[in-house]
Amino acid sequence: MYEWIKALHVIAVISWMAGMLYLPRLFVYHCEAEVGSKQSETFKVMERRLLKAIINPAMIVTWLAGLYLAWAGHWFAAPWLHGKLLLVLVLSGAHGFFSRWVKDFAADRNARSQKFYRIINEIPTILMIGIVILVVVKPF
Ligand code: HEM
């Protein structure tokens, strides 16, 4: 059972990360589109679908499967898991901000620059590198 849930966890992680890496890139392109243009409306649909159909469900499955693994594997006392949980909480916080920004774009009230989204784009990548090293190498 443990190995099957781990497989599910990794599948959900890949889906969550795919969305978290792509959504800020859509924001970068969306900044260039004129408000009310066809392009801008297309970006709104892409952002909403990516968030609702992929990112949100994938995050829920990642959390549920991850917590099961931590419980079933008796990992809750392991320091690497504490570090991992901290980074995953930051990632979940970033998810919350992305969700708010999708709503801002949908209402044509984005006030942030393209440069801002380019910088933000790097955050999920950095967190993912830290999370994977912690869970695979378990350095402490
Ligand atoms: C949401 C909270 C999460 C919890 C509670 C959690 C917990 C766990 C646990 C306990 C394991 C099993 C470790 C083992 O058997 O050695 C695991 C495996 C794994 N997790 Fe997570 N995880 C979470 C989120 C994430 C995220 C966000 C990522 C990547 C960005 C991730 C990547 C992985 C990978 C790649 C494995 C497989 C490691 C291996 O087989 O060596 N996890 N997770």
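The values are calculated or read from the model by the stated rules, or taken from the named source; none is laboratory data. What you see is a predicted model; the values in this text were computed from it and never measured. Note that we place each Cβ from the backbone using ideal geometry, even for glycine, and neighbour counts take in every protein chain shown. Each accessible area value is taken on the protein alone, full model and side chains, heavy atoms only, with ligands, DNA and RNA left out. Shrake-Rupley method; radii C 1.70, N 1.55, O 1.52, S 1.80 Å.
With both labels modelled 7 Å from their Cα along Cα-to-Cβ, the V10 to V61 distance reads 1.5 nm. Taking all Cα-Cα distances within the chain, those exceeding 21 Å account for 45%.
Charge tally for V135 (other residues, Cβ to Cβ under 11 Å; Lys, Arg +1; Asp, Glu -1): +3.
Placing a pseudo-label 7 Å from each Cα along the Cα-to-Cβ vector at V28 and K138 gives an inter-label distance of 3.7 nm. Quick check: at a probe of 1.4 Å, how many percent of the accessible area of the chain sits on carbon and sulfur atoms? Whole-percent figure for carbon plus sulfur exposure: 71. Each Lys and Arg contributes +1 and each Asp and Glu -1, all at the Cβ; summed about the Cα centre of the chain, the dipole is approximately 100 debye.
Tell me what the chain gives for mean residue ellipticity at 222 nm when only DSSP H runs of n ≥ 4 count, each as -39,500 (n - 2.57), the sum divided by the residue total, rounded to 500 deg cm²/dmol.
Values: 6 runs with 111 residues, N = 140.
Dividing the helical sum by the residues of the chain leaves -27000 deg cm²/dmol.
Between L85 and E41, what is 0.36 nm times their sequence separation minus the Cα-Cα distance? Round to one decimal in nm. It would help to have the intermediate numbers written out before the result.
Numbers: separation 44, 0.36 × 44 = 15.84 nm, distance 3.64 nm.
Once the chain is fully extended between L85 and E41, it gains 12.2 nm.
What does the accessible area per residue of the range 2-137 come to in Å², with a 1.4 Å probe and no ligands, DNA or RNA counted?
Values: 7830 Å² over 136 residues.
Counting only protein heavy atoms, the per-residue value for the range 2-137 is 58 Å².
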